[in-house]
Amino acid sequence: MSHHQLQRVIVRMLHDQAFARAMIAGRSDTVAQAALSDAERGWLQAADPRAFAVDTYRTSRLLKALIDEFPCSVARVASLSGSSWRQGLHDFFSSTGFHVGIQRRGRLVESFAAWLAERDDQVLSALVALELSVALLARQRSSAGPGTSVKLAAGVGVLALPGGLLSLVHAVRAQLGDDVIGALDGYRWPPHQVRMAEQERVLVVAGAVEPLGGPLFDLLSCCGAPGGATLQQLIEVGARHEATAEDVAEIVDELRQDGVLR
Amino acid sequence: MIEIAPVVVNPLRVRPVVGYQSGVIDRRQSFLERVVALPRLGVGVSTEYGAQLAGGLDVMDLAESAPDHVQFLEVGVEIAKGLDADALAWIDAGRPTTYHFLDVNLDEPDDLGPDWLREVAEVCRQLKPAWLCGDAGMWHFGPRDRNHMLLLPPILTRESATDMAVGIRRLRDATGYEVLPENPPGQVFIGDMTLLEFFAEVCERADTGMLLDCAHLAIYQHLHGRSPLEGLDRFPLERVVELHVAGGTHREHDGFAWIDDDHTTAVSAETWAIFDFAVKHATNLKAVVFECERNQAAATEAGFARLAETLAVDGHMHS
């Protein structure tokens, strides 16, 4: 096993004490242990299991960071789980998704999203998909290099959501306020309907999600394609919505000034 | 066995040079040749994004009221956060800095991608640091992510040291600045090398200098039941360019005794012992940081006085 793989086993041990105890005890029912060399197994087994647990807030801290990015999804889980929601979320750190994600150098937000969405609930799945998209867009960094194409700016995205999801999100966020974890005990899910068969289009900019009209959605979707779009392609999209080439050029200019396009 | 030359002149006695050339590395020279050109920064403090707003040290105020305490600022940088108002004010005043990275796993090639390197170069243009430095460990798991900061020591093996050295060379080549690895803190150290053997190997393979964190080393030695100075006589202290000193807190978890590297001003006797030894033998020492950014200025006085006592070899302190 490379030192990178071994380091990831240690990360898993720091976040999952049962796993750490199993590793140190030399139990063979762990995936990672099968790949450890004798020397590596010996190093781990010589470690004091208590050393992996000294930071008693490690998982709570990480979970808080995840809840901050998935407030509505977690609120949905809390409303489905009742009073056991807190322990239920901590179970993430002993899940296969967490361990496999760490071992494969995956993004934690993606592992967490996949784990949340394992529950059989369409509304939850839609919320997770939206909040994951926002989280991933927030991680985009502007890339270097000149280009002639028109592209979405870093952190900007366009999405198609089930009907009513956006108003549900706004309602849940308003209920949760800034102290999401504090609001989750006894949380009551709002009576908004989500219409899975319908679609509403939204624009995501700097973490904010706002409704978007059809013509602009088509235009921005075109810019969101890999490599962006040429002005001619955008003019063709505009023509489908009865916009002139001048209209399209003007819109593109304005969106660039607003930081939506680059 | 490395012979340690006796120190004739305290290398920190000279006031820091402001306006030095930086950002250029002469690849034909070995580190021990290059180190001569690095500026002597003297004593400084460290800061991180938002440290003062969180109730920590006002570095500009301290630099005005006690200039001997803050001759340079070590700026902790997470590229995703950038530089805060305090760091920018320091730069605007034309004061010396070092760049302490908080977001790179040096031993992971994927972590030193072109976008991150480009942004590091941009921060360097703003900071004009004397060098780059930082804990050579695991700052994050998975791809770089703002919410996943942890800090784990590296796996202490030759393979890991080799990869670390490759990362150091790559960062040095990309930025044109010396990159000084720092020994990280930790409660779990895994591998077949000691911490000092590992970093001696890294420095040799990367042909670089070292930031020796005395408090982190004291934590490691304590954890392994070693005396504070054990192994230091075999460490290439001539590569040590910078020292860190910080206080810690003894804690216990389920009967397991450990030291929390929480940067209080209560510096342990073990940390001071390492510091005193290193100052005597680190012939290329250029900078000392008292990591007290989470404290108020009044609480730091005793620590700075103790630093000065050791640094004032033969009665002179930064004269």
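The values are calculated or read from the model by the stated rules, or taken from the named source; none is laboratory data. The model shown is predicted, which means the values in this text are computed figures rather than measured ones. Ideal geometry is used to build each Cβ from the backbone, glycine not excepted, and the neighbour counts take in all protein chains shown.
In this structure, B:ILE91 qualifies as under 20 Å from the mean Cα position of the chain (by Cα), in a helix (DSSP H, G or I) and over 27 Å from B:LEU195 (Cβ atoms). Here's a check for you: in segment B:106-118, which residue that is assigned to a helix (DSSP H, G or I) and in contact with a helix residue (DSSP H, G or I) (Cβ under 6 Å, 6 or more places away or on another chain) is surrounded by the most Cβ atoms within 10 Å (Cβ to Cβ)? So, considering only residues that are assigned to a helix (DSSP H, G or I) and in contact with a helix residue (DSSP H, G or I) (Cβ under 6 Å, 6 or more places away or on another chain), the one surrounded by the most Cβ atoms within 10 Å (Cβ to Cβ) is B:LEU112.
Taking the residues in segment A:103-131 that are touching a residue at least 60 places away in the same chain (Cβ under 8 Å) and under 17 Å from A:VAL202 (Cβ atoms) as candidates, determine which candidate is nearest to the other protein chains (Cβ to nearest Cβ). Please lay out each step first, then the result.
First, the residues of segment A:103-131 that are touching a residue at least 60 places away in the same chain (Cβ under 8 Å): A:103, A:105, A:122-123, A:126, A:130-131.
Checking which are under 17 Å from A:VAL202 (Cβ atoms) leaves us with A:123, A:126, A:130-131.
Numbers: A:VAL123: 25, A:ALA126: 23, A:LEU130: 19, A:GLU131: 14 Å.
Among those residues, the one meeting the criterion is A:GLU131.
Considered as a group, the residues in segment B:252-265 that are more than 19 Å from B:PRO153 (Cα to Cα) and surrounded by fewer than 15 Cβ atoms within 10 Å (Cβ to Cβ) include one that is nearest to the other protein chains (Cβ to nearest Cβ), and that residue is B:ASP254.
Quick one: in segment B:61-84, of everything that is part of a helix (DSSP H, G or I) and in contact (Cβ under 8 Å) with a residue 12 or more places away in the chain, which residue is surrounded by the most Cβ atoms within 10 Å (Cβ to Cβ)?
Of segment B:61-84, the ones part of a helix (DSSP H, G or I) are B:61-65.
Okay, now just the ones that are also in contact (Cβ under 8 Å) with a residue 12 or more places away in the chain, so B:61-63, B:65.
On the way: B:ASP61: 12, B:LEU62: 18, B:ALA63: 20, B:SER65: 11.
Only one residue tops the list, namely B:ALA63.
Out of all the residues in segment B:94-105, which are within 15 Å of B:ASP135 (Cα to Cα) and assigned to a loop (DSSP other than H, G, I, E, B)? If the condition is that a residue be within 15 Å of B:ASP135 (Cα to Cα) and assigned to a loop (DSSP other than H, G, I, E, B), then B:LEU102, B:ASP103, B:VAL104, B:ASN105 are the ones that fit. Taking the listed residues B:ALA121, B:ALA165, B:ALA174, B:ALA215, the one that is aliphatic (A, V, I, L, M), touching a Cys at 6+ places or on another chain (Cβ under 9 Å) and part of a helix (DSSP H, G or I) is B:ALA165, with no other qualifying.
On the basis of being closer than 23 Å to B:ALA297 by Cα and either away from every other protein chain (no Cβ under 14 Å) or aliphatic (A, V, I, L, M) (or both), does B:VAL241 make the cut? For B:VAL241, the condition - closer than 23 Å to B:ALA297 by Cα and either away from every other protein chain (no Cβ under 14 Å) or aliphatic (A, V, I, L, M) (or both) - is not met.
Table: residues versus (1) more than 9 Å from chain A (Cβ to nearest Cβ); (2) buried (at least 24 other Cβ atoms within 10 Å of the Cβ).
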position: B:LEU152; (1), (2): no, no
position: B:VAL188; (1), (2): no, no
position: B:ALA206; (1), (2): yes, yes
position: B:ALA218; (1), (2): yes, yes
position: B:LEU229; (1), (2): yes, no
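So in segment B:124-150, with the set limited to residues that are part of a loop (DSSP other than H, G, I, E, B) and more than 10 Å from chain A (Cβ to nearest Cβ), which one is farthest from B:VAL179 (Cα to Cα)? Only one residue fits best here, namely B:TRP139.
Filter segment A:150-186 for residues that are farther than 29 Å from A:GLN140 by Cα and crowded, with 20+ Cβ neighbours inside 10 Å and give the result.
Of segment A:150-186, the ones farther than 29 Å from A:GLN140 by Cα are A:182-186.
Listed by number, the list holds a single entry, A:LEU184.
Among the residues making up segment A:72-102, those that are more than 30 Å from A:ILE10 (Cα to Cα) and without any contact (Cβ under 8 Å) to a residue 60 or more places away in the chain are A:LEU80, A:SER81, A:GLY82. Only a single item in (1) at pLDDT 95 or above; (2) more than 9 Å from every other protein chain (Cβ to nearest Cβ); (3) closer than 30 Å to B:PRO96 by Cβ is not met by B:GLU201, and it is number (3). From the list A:ALA39, A:ALA25, the lone residue that is out of contact with any Phe, Trp or Tyr (no Cβ under 9 Å at 6 or more places or on another chain) and more than 8 Å from every other protein chain (Cβ to nearest Cβ) is A:ALA25. Applying the criterion of at least 1 residues that are hydroxyl-bearing (Ser, Thr, Tyr) to the helices (runs of 4 or more DSSP H) found wholly in segment A:5-119 leaves A:58-69, A:71-81, A:96-103, A:108-116.
Which residues, counting only those in segment B:284-307, are surrounded by fewer than 16 Cβ atoms within 10 Å (Cβ to Cβ) and either farther than 16 Å from B:GLN52 by Cα or under 20 Å from the mean Cα position of the chain (by Cα) (or both)? If the condition is that a residue be surrounded by fewer than 16 Cβ atoms within 10 Å (Cβ to Cβ) and either farther than 16 Å from B:GLN52 by Cα or under 20 Å from the mean Cα position of the chain (by Cα) (or both), then B:GLU301, B:ALA302, B:ALA305 are the ones that fit. Once segment B:154-179 is narrowed to residues that are at the interface with chain A (Cβ under 10 Å from one of its Cβ atoms) and of a type in the set (Val, Ile, Thr), the residue that is surrounded by the fewest Cβ atoms within 10 Å (Cβ to Cβ) is B:THR162.
Taking the condition within 23 Å of B:ALA302 (Cβ to Cβ) and more than 12 Å from chain A (Cβ to nearest Cβ), does B:GLU64 pass? Break it down stepwise before answering.
Details: within 23 Å of B:ALA302 (Cβ to Cβ): yes; more than 12 Å from chain A (Cβ to nearest Cβ): yes.
Against the criterion (within 23 Å of B:ALA302 (Cβ to Cβ) and more than 12 Å from chain A (Cβ to nearest Cβ)), B:GLU64 qualifies.
When restricted to residues that are part of a loop (DSSP other than H, G, I, E, B) and touching a Leu at 6+ places or on another chain (Cβ under 6 Å), segment A:203-232 contains 2. When B:LEU196 is tested against (1) more than 26 Å from B:THR97 (Cα to Cα); (2) more than 13 Å from chain A (Cβ to nearest Cβ); (3) in contact with a helix residue (DSSP H, G or I) (Cβ under 6 Å, 6 or more places away or on another chain), just one condition goes unmet, and that condition is (3). Residue count for segment B:245-285 under the criterion of being within 20 Å of B:GLY42 (Cα to Cα), without any contact (Cβ under 8 Å) to a residue 40 or more places away in the chain and β-branched (Val, Ile, Thr): the result is 1.
From the list B:ALA93, B:ALA87, the lone residue that is surrounded by fewer than 19 Cβ atoms within 10 Å (Cβ to Cβ) and touching a residue at least 24 places away in the same chain (Cβ under 8 Å) is B:ALA93. Checked against the criteria, B:LEU117 counts as more than 10 Å from chain A (Cβ to nearest Cβ) and out of contact with any strand residue (DSSP E or B) (no Cβ under 8 Å at 6 or more places or on another chain).
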